[in-house]
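Chemist: Let me give you the structure first, and then I'll get to my questions.
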Amino acid sequence: MAIETEAGTTQRPGGPDPVGTPGAGAWWARPALHTGVIGAIIGYAFGHWLGNYWAVPTANSPAAYQQIGTSDGNDFAIVLGYTFMLVGWLIGLGVFNDLVKLMLGKRLPQNGHEANGGVAKYFRFTLDHKVVGIQYLIGMIIYFCTAGLLAMGIRTELLSPVHHVFSSSVYVEIVGEHGTMMMMLMTSVILGPFGNYLIPLMIGSKRVAFPRIEALSFWLTPAAFLVLLSALPLGGFHFGWTGYPTLSVQDTSGADAYAFAFGLMGISMILASFNILVTVICYRAPGMRWGRLPMFVWGILGTGTMMALAAPILSGGMYMLLLDRTAQTAFFTDNLGGSTYLYEDLFWFFGHPEVYILALPGFAIVSELLPVFTRKPLFGYKVASAGMIGVTLLSFFVWQHHLFDSGIDPDMRPLYMLTTELISIPTGFIFLVGMGTLWKAKIRFTVPMLFCLAFYFNFLIGGISGVYLSDVPADTTEHGSFFVMAHFHYTIMGGLIFAFMGGCYYWLPKMMGISLNEKLGRVHFWLMFIAFNSTFLPLFAVGLAGQPRRVFEYARNLTTLNDWVSISSFFLGVSILIFIINFVWSTVVVRNRETGNPWKSRGLEWQVSSPPPADNFETVPVVLSGPYEYGVKDAPPVADLNPPVGVLAAGLSESETARAEA
Amino acid sequence: MAAETSAPATGAGEREPNHGMRIFIIWLVLALASDLLIWFVLGPHLPPGDLASAANGQQFDIKVMSAMAAPVMVFVLIQFIYSLIVWRHREGDEEDGPPIHGNTRVQVTWITLTTVIVLCLFGFGTYELVNGPGAGAGSGEGPSPIVNPPGAELTVAQQMAPYSASKPLVIQVIAQQWRFTYRYPQFGGFETTYLAVPQNQWVEFDVTSIDVIHDFWAYQLGVKADADPGVNNVAYTKPLQLGSITVRCDELCGLWHGAMYDYGSVMTQSAFQSWATASQAHFADVTKMLPPYATTYDPTEIKQLGTVLVKLGLTGAGGGYYPPNDPSQP
Ligand SMILES: [Cu+2]
């Protein structure tokens with residue numbers, strides 16, 4: 001409660017704003033991407049040297065080098081290299097500059113908001129949440145496309161059951177890179193760009209709670225991405241995205257990159273989620289009651305909660321794995337007293353909430369967009385938010401359904417069967433809300449709306465196939481097969497990524513002040529929708545017919561289905577290419593200006609100009625009604641953007657009274 | 001179902017049709033049709049077939065789940081498609097839709113129905129797991145299974161007792177990169193790479209690994225169990241018909257995971273017995289060199305090797321499976 005009161009005061013007009021890096025000086029002299037890269041190179045060289053120095057055999061321990069390396073390389077040197085590389089990268093980016101200045105007793109002169117245009121700010125460590133949002137957006141698109149290209153590689157190999165494009169080693173490396181990159185980086189595909197950019201606008205705040213932490217969370221993602229890719233020159237890793245020991249303990253040095261990158265991304269998730277959670281809880285404008293919070297904010301709130309609670313387990317597990325590989329611990333080695341089950345539990349205790357970290361932002365976007373394009377209030381606002389809270393809570397109680405066949409205590413299986421099936425109830429809420437909102441609506445088939453509708457279709461298939469997996473006997477056939485793979489691609493690709501695309505078409509006019517080409521958008525949608533379903537629907541059958549995941553050889557009678565899937569997946573790739581072309585074409589070449597509110601949305605973020613002013617709002621607005629009051633006669637405007645000082649003060653005290661009552 | 005709503009009809013001109021009733025009728029017809037199709041046409045052909053009791057149980061579960069899921073899926077789809085057609089935006093209509101904020105009756109109905117369905121599925125799944133034809137559904141139950149067929153043998157002594165057709169046949173599955181080996185303790189503990197099982201007799205698989213985690217998936221038998229180093233993971237099935245078996249590794253175990261498969265067959269009781277006794281004699285010389293039968297193995301065949309290596313300062317978390325100067329084993 002004390003925090004909230006404090007936040008209320010900082011929200012007052014004229015209150016302190018985040019302050020940050022000064023704006024003077026030539027571009028190359030200021031800390032930015034290039035200085036970060038220089039710092040990273042120096043850091044890696046130093047760390048690697050240090051690791052080798054410590055490992056040089058001496059008279060006392062002639063086997064030191066070999067002891068430290070559990071595989072063919074000196075893993076200790078590699079991990080130290082990564083660690084110092086990270087430190088160098090952050091120093092180079094100027095992450096610690098303000099801290100040092102404060103310690104030296106200097107003043108931090110400038111407002112952190114980047115009011116001036118120019119591309120340079122996107123390459124810097126910046127305290128402006130809108131710049132961080134765009135950085136995340138571009139970053140996420142790059143990560144997604146890289147991992148997507150790897151998926152094309154997988155499907156190319158699977159064109160034939162016996163003829164091989166890749167060696168077995170390269171194939172497994174590609175599978176692992178694709179899976180890990182998608183699963184670790186796409187956790188932030190919506191929370192990163194849209195969450196960071198839009199949430200302050202949606203809750204009527206001029207700033208986020210922790211701008212430095214927010215920026216840091218972003219600048220860790222390129223590091224995690226590049227470290228993960230660096231596994232390839234190190235010989236790759238050969239255990240998929242799950243990294244089960246003892247395989248991952250024995251594997252070549254690429255495994256260090258996997259564990260380091262995944263753990264690092266865990267830290268990024270923790271940082272990003274804390275910033276978002278505190279922002280939503282403490283920085284809402286007067287009148288932005290919980291009952292008026294946009295669904296998108298509810299969804300991101302749930303996502304942030306899961307991230308904050310699950311990601312530490314991931315980072316812990318990954319760093320235990322690194323210790324096993326370098327420091328001679330044996331957390332996960334059975335005959336030295338460790339346990340592989342420990343890793344499996346740690347991994348899936350993160351891994352299952354992660355699946356909902358990937359699903360909930362999708363729920364959030366479709367629930368946010370549906371009222372706009374049906375021109376109706378959201379059906380069952382409380383049901384929708386309860387659904388999101390329910391998913392958030394239950395997601396922590398289901399993880400052992402990944403281990404039904406693993407030899408865990410068999411007594412536990414009915415319990416996990418129950419919890420897993422229970423989670424389909426709050427998920428069903430989201431569908432109820434969708435159906436209710438469409439009821440007697442005036443549905444406008446805009447491009448973002450098409451993506452939302454496709455989300456419901458895809459997630460219906462993904463969700464219902466998930467119920468099969470919760471049933472122990474049915475799961476015995478489906479576990480570890482292409483059925484599972486099809487299932488989670490339906491929820492993640494068909495859910496999250498479709499929602500992300502919808503969000504792009506919907507919010508890019510707001511974020512960049514340009515609208516994406518609609519014709520290309522429609523071509524993109526239809527190709528992506530058809531190709532996606534054509535790719536993943538047959539994989540349910542492939543899995544049930546007995547094809548395990550991550551194999552490069554399969555039964556001859558499944559060739560036709562696999563070829564069909566592969567060819568469809570190439571079309572899916574083309575559809576993403578169309579999106580990229582549309583994105584670049586519309587934002588760089590044509591630049592069709594969009595300044596107003598093209599969707600006639602009641603969302604608070606649309607009540608300011610596009611792109612929003614540097615400080616979001618001139619003064620903190622007073623929220624007057626909910627965001628979905630479409631068709632309600634005499635509904636007050638969503639907010640008063642220029643409340644007289646007296647009104648604002650009254651609004652503040654009113655909201656504080658309301659809080660006190662609640 | 002939950003389709004009807006008490007929201008006031010908009011537009012005074014034409015009479016608003018009863019959308020709820022229309023959707024209900026379409027749903028009823030399609031849901032019935034799809035359920036009949038699933039049960040009678042698709043059902044008998046659903047994977048993983050009916051070669052063994054565990055497979056049979058899984059097939060039944062998949063059939064029942066499909067029959068329960070289809071009406072839900074059909075309902076949601078019809079609701080969406082109906083709405084998209086009937087309530088699409090008409091050119092020139094700039095008015096907003098009716099301000100329906102919710103409907104308690106619909107919400108309560110939906111929540112109740114989904115909860116009931118979910119609880120039914122849970123009850124059904126648990127019943128099938130415990131009492132189904134598969135004894136533990138054919139999935140790995142760990143070293144101390146709770147669902148056992150009559151006469152299950154869980155100690156080394158029991159498992160090494162001579163074979164009898166009246167109790168389960170014990171087969172130890174030893175996984176290693178990148179091969180499964182099958183050991184028959186009731187026949188002197190010989191090892192082979194061909195999986196032979198008798199018809200109409202419970203088979204107990206004791207699955208373990210000597211290096212990394214694998215997963216023993218005998219598709220037609222409906223058996224899937226992780227092979228963990230140092231762990232004995234037990235799964236049961238009862239082959240019901242003669243036929244061939246495909247075994248695949250179902251947990252990524254390194255470079256040649258994709259090539260880790262082999263075959264086997266369900267034989268008649270007498271054929272199996274003569275195969276087993278012949279194999280026992282054939283492999284007798286090899287069997288002598290094998291480590292004594294145990295539920296788990298230390299791959300280096302030196303007891304407590306890990307501890308010894310630690311004393312010598314020769315290993316760390318490499319697991320002791322491969323001494324540090326061996327080539328890496330991804
Ligand atoms: Cu294997």
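The values are calculated or read from the model by the stated rules, or taken from the named source; none is laboratory data. Remember, predicted model here, so these are calculated numbers, not experimental data. Ideal geometry is used to build each Cβ from the backbone, glycine not excepted, and the neighbour counts take in all protein chains shown. Surface accessibility is based on the protein's heavy atoms, side chains included, excluding ligands, DNA and RNA. Shrake-Rupley method; radii C 1.70, N 1.55, O 1.52, S 1.80 Å.
Chemist: Among the residues of the range B:162-183 satisfying the criterion of being within 14 Å of chain A (Cβ to nearest Cβ) and either open to solvent by 10 Å² or more (accessible area, probe 1.4 Å) or part of a helix (DSSP H, G or I) (or both), which is farthest from the ligand (Cβ to nearest atom)?
Modeler: Selected residue: B:176.
Chemist: Next question. Give the residues of the range B:78-94 that are surrounded by fewer than 18 Cβ atoms within 10 Å (Cβ to Cβ) and within 7 Å of another protein chain (Cβ to nearest Cβ), sorted by residue number.
Modeler: Result: B:84, B:88, B:93.
Chemist: Please work out if residue A:165 is open to solvent by 20 Å² or more (accessible area, probe 1.4 Å) and touching an Asp or Glu at 6+ places or on another chain (Cβ under 6 Å).
Modeler: Yes; evaluated as a whole, the condition is true for this residue.
Chemist: Take residue A:287 and tell me if it is modelled with pLDDT under 95 and either open to solvent by less than 10 Å² (accessible area, probe 1.4 Å) or assigned to a loop (DSSP other than H, G, I, E, B) (or both).
Modeler: The answer is yes for residue A:287.
Chemist: Would you please name the residue that is surrounded by the most Cβ atoms within 10 Å (Cβ to Cβ), looking only at residues in the range B:104-161 that are charged (D, E, K, R) and facing chain A (nearest Cβ under 10 Å)?
Modeler: Residue satisfying both the conditions and the ranking: B:141.
Chemist: Quick test of your reading of the structure: residue A:365 fulfils all but one of (1) of a type in the set (A, V, I, L, M); (2) part of a helix (DSSP H, G or I); (3) crowded, with 24+ Cβ neighbours inside 10 Å; (4) within 14 Å of chain B (Cβ to nearest Cβ). Name the failing condition by number.
Modeler: (4)
Chemist: Here is a follow-up. If only one of A:183, A:202 is open to solvent by 10 Å² or more (accessible area, probe 1.4 Å) and in contact with a Phe, Trp or Tyr (Cβ under 7 Å, 6 or more places away or on another chain), which one is it?
Modeler: Testing whether each residue is open to solvent by 10 Å² or more (accessible area, probe 1.4 Å) and in contact with a Phe, Trp or Tyr (Cβ under 7 Å, 6 or more places away or on another chain) leaves just A:183.
Residue by residue, here is whether (1) modelled with pLDDT of 95 or more; (2) closer than 21 Å to residue A:190 by Cβ holds:
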| site | (1), (2) |
| --- | --- |
| A:476 | no, no |
| A:480 | no, no |
| A:493 | no, yes |
| A:498 | yes, yes |
| A:511 | no, yes |
| A:517 | no, no |
| A:520 | no, no |
| A:531 | yes, no |
| A:541 | no, no |
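Chemist: Would you mind stating whether residue B:236 is within 12 Å of chain A (Cβ to nearest Cβ), more than 16 Å from the ligand (Cβ to nearest atom) and touching a Pro at 6+ places or on another chain (Cβ under 7 Å)?
Modeler: Spelling it out, residue B:236 is indeed within 12 Å of chain A (Cβ to nearest Cβ), more than 16 Å from the ligand (Cβ to nearest atom) and touching a Pro at 6+ places or on another chain (Cβ under 7 Å).
Chemist: Here's a check for you: in the range A:601-639, which residue that is assigned to a loop (DSSP other than H, G, I, E, B) and of a type in the set (S, T, N, Q) is most open to solvent (accessible area, probe 1.4 Å)?
Modeler: Result: A:609.
Chemist: Right, residue A:340: over 30 Å from residue A:500 (Cβ atoms), in the same structural domain as residue A:448 (by TED's automatic domain parsing) and touching a helix residue (DSSP H, G or I) at 6+ places or on another chain (Cβ under 8 Å) or not?
Modeler: So residue A:340 passes the test.
Chemist: A follow-up question, please. When the range A:462-477 is examined, which residues are found to be assigned to a helix (DSSP H, G or I) and at the interface with another protein chain (Cβ under 8 Å from one of its Cβ atoms)?
Modeler: Scanning the range A:462-477 gives A:464, A:467, A:468, A:470, A:472, A:473, A:474, A:475, A:476, A:477.
Chemist: Which pairs turn up if I take residues in the range A:568-586 that are of a type in the set (Phe, Trp, Tyr) and look for partners that are open to solvent by 70 Å² or more (accessible area, probe 1.4 Å) with beta carbon separation below 9 Å, at least 6 apart in sequence or on another chain?
Modeler: A:571/A:530
Chemist: Something else now. Within the range A:377-388, can you find the residues that are touching a Ser or Thr at 6+ places or on another chain (Cβ under 6 Å) and either within 7 Å of chain B (Cβ to nearest Cβ) or farther than 10 Å from residue A:433 by Cβ (or both)?
Modeler: A:379
Chemist: Any chance you could count how many residues in the range B:207-233 are crowded, with 24+ Cβ neighbours inside 10 Å and away from the ligand (no atom under 11 Å from the Cβ)?
Modeler: 13
Chemist: Could you say whether any residue in the range A:243-257 is open to solvent by 10 Å² or more (accessible area, probe 1.4 Å), at pLDDT 90 or above and not in a helix (DSSP H, G or I)?
Modeler: So far as the range A:243-257 goes, yes, one or more of its residues are open to solvent by 10 Å² or more (accessible area, probe 1.4 Å), at pLDDT 90 or above and not in a helix (DSSP H, G or I).
Chemist: What do you reckon, is residue A:122 aromatic (Phe, Trp, Tyr), in the same structural domain as residue A:512 (by TED's automatic domain parsing) and not in a strand (DSSP E or B)?
Modeler: In short, no.
Chemist: With A:197, A:171 as the choices, which residue is within 14 Å of chain B (Cβ to nearest Cβ) and not in a loop (DSSP other than H, G, I, E, B)?
Modeler: None of the other options fit; the residue is A:171.
Chemist: Which residues, taken from the range A:455-491, are farther than 23 Å from residue A:435 by Cβ, aliphatic (A, V, I, L, M) and open to solvent by 10 Å² or more (accessible area, probe 1.4 Å)?
Modeler: A:469, A:484, A:485
Chemist: Do the conditions hold for residue B:151, that is, is it of a type in the set (Gly, Ala, Ser) and under 14 Å from residue B:61 (Cα atoms)?
Modeler: No: the conditions fail for residue B:151.
Chemist: Then there is this: Mind listing whichever residues of the range A:221-236 are closer than 30 Å to residue A:132 by Cβ and open to solvent by less than 10 Å² (accessible area, probe 1.4 Å)?
Modeler: Residues satisfying the conditions are A:221, A:223, A:224, A:227, A:228, A:231.
Chemist: Restricting to the range B:243-295, name every residue that is outside any strand (DSSP E or B), within 16 Å of the ligand (Cβ to nearest atom) and open to solvent by 30 Å² or more (accessible area, probe 1.4 Å).
Modeler: Passing the criteria: B:255, B:256, B:259.
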